[in-house]
1. Which residue is nearest to the chain's Cα centre (by Cα), if the candidates are limited to segment 57-92 and must be assigned to a loop (DSSP other than H, G, I, E, B) and free of Cβ contacts under 8 Å to residues at least 12 places away in the same chain?
2. So Val210 passes all but one of these: (1) in a helix (DSSP H, G or I); (2) under 21 Å from the mean Cα position of the chain (by Cα). Which condition number does it fail?
3. Could you check segment 317-360 and list, in sequence order, the residues that are at positive phi and without any contact (Cβ under 8 Å) to a residue 60 or more places away in the chain?
4. Which of the residues that make up segment 217-240 are within 16 Å of ligand 2 (Cβ to nearest atom) and either assigned to a helix (DSSP H, G or I) or touching a residue at least 60 places away in the same chain (Cβ under 8 Å) (or both)?
5. Which residue is surrounded by the most Cβ atoms within 10 Å (Cβ to Cβ), if the candidates are limited to segment 128-142 and must be within 28 Å of Ala199 (Cα to Cα) and among the aliphatic types (A, V, I, L, M)?
6. In segment 332-368, which residue that is aliphatic (A, V, I, L, M) and over 20 Å from Leu170 (Cβ atoms) is surrounded by the fewest Cβ atoms within 10 Å (Cβ to Cβ)?
7. Would you point out which residue out of Ala49, Ala54, Ala21 is part of a strand (DSSP E or B), of a type outside the set (S, T, N, Q) and out of contact with any helix residue (DSSP H, G or I) (no Cβ under 6 Å at 6 or more places or on another chain)?
8. Would you check which residues across segment 126-136 are over 14 Å from Gly79 (Cβ atoms) and either in contact with a helix residue (DSSP H, G or I) (Cβ under 7 Å, 6 or more places away or on another chain) or assigned to a helix (DSSP H, G or I) (or both) and list them?
Amino acid sequence: MNTQTGITLFRHCSLATLSGADWGWIERGALLAQGGLITWVGAERDLPAGLAVAEEHALNGALLTPGLIDCHTHLVYGGHRAHEADLRLQGASYETIARAGGGIRSTVAATRAATEAALLAGTSARADALMREGVTTVEVKSGYGLSLAEEAKCLRVARTLGQSRPLSVLCTYLGAHALPPEFEGRADDYIAAVCDWMAPLQAQGLVDAVDAFCETIGFTLAQTQRVFEAARALGLPVKLHAEQLSAQGGAELAARYGALSCDHIEHLSPAGIAAMRAAGTVAVLLPAAWYCLRDTQAPPVAALREAGVPMAISSDHNPGSSPCLSILTALHMACTFWRLTPLEAVLGATVQAARALGLRDRGRLAPGLRADLAAWRVEHPRELTYWLGGQPCAGRAVAGRWLPLNP
Ligand code: NIG
Ligand code: FE
């Protein structure tokens, strides 16, 4: 952690702490950080007397929130798939393109052909775009390498991103994303290989969680279960691309393995909702993918809300279904398309996104948590799901270190 040893004071701001069930609004607020952590939050007039402040940032009336957390991305890849977006506009479906050898497989070819340095450059530029919108933590999946060496290459790029940028990066191993051409007709053999590669990747410090794509064009329930068993044997948490294009029962399976999250879930069943609630599994909603694929089946937001399943929202940035580099646009879409409230949406990219990653040390503004902050040129946090574009982020703090933006 890049920590500050002295006390840092953030003042002349309002705060949405998100610490309770509401915004946790503090007008004319202030926040103290030390050693990378928040040490005090409150009204500026109540600041403790006699503080030896080492660094002070007057925020010009900005709104201070927790730094945003983008909890589902595929940031590491080569090339792009604009031509496939074109084909979809002419009527081809995502599945048809995938079955014809395009889709994820075409990105796998481009990713394998790219050097690690080129991948890092592209990944870093994409991460910079997310950071300009207040993101301080991002989850990054592999899944476009699909061999031990190529998955390791992609995961190293994700790890290096977290070391070379003021950004926390969590690395998720998604070997079970698609069947690579060299395993054509041998999906079970491929899953065996995916499971075998897990331990060496973990031993290299490259895996924080394990994911799979459980779908007719991905892997079956039984194959997904084998991946989860391998993860369990290594003590790694799991998550799942579940019920995106069809109902497979992936959510129930993932819940049985105590999954951190089930993601997409447009076709989630009542049984899946009940299983997720019982397991404490977070529902990660990905409206930009839904929008780009012109999907019509919305996730069961009202039923999730009623069941008390926490809902997170993410960009799902990837070159196929969601070439979206704006988490604020995803929040806007979650409200506009699916009627999340602005508070639910903002919680979805902070408190609930932290849960979806198994992180307890961030997502709210409270003493003892990481001083990861985002400052906004808005009056009220509901504006974060209201404006479309306009770069409202004035700066971020990562572990207490202030990083102004868009001056
Ligand atoms: O989250 N559904 C599977 N994975 C990605 C898409 C990957 C791709 O099309 O390249 C997703 O939507
Ligand atoms: Fe995804």
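The values are calculated or read from the model by the stated rules, or taken from the named source; none is laboratory data. Here the structure is a predicted model, which is why all the values come from computation and not from measurement. All Cβ positions, even for glycine, are placed from backbone atoms using ideal geometry, and neighbour counts span all protein chains on display.
1. Ala92
2. (1)
3. The one that is at positive phi and without any contact (Cβ under 8 Å) to a residue 60 or more places away in the chain: Arg339.
4. Ile217, Thr224, Val227, Lys239
5. Val138
6. Ala366
7. Ala54
8. Answer for segment 126-136, where residues must be over 14 Å from Gly79 (Cβ atoms) and either in contact with a helix residue (DSSP H, G or I) (Cβ under 7 Å, 6 or more places away or on another chain) or assigned to a helix (DSSP H, G or I) (or both): Ala127, Asp128, Ala129, Leu130, Met131, Glu133, Val135.
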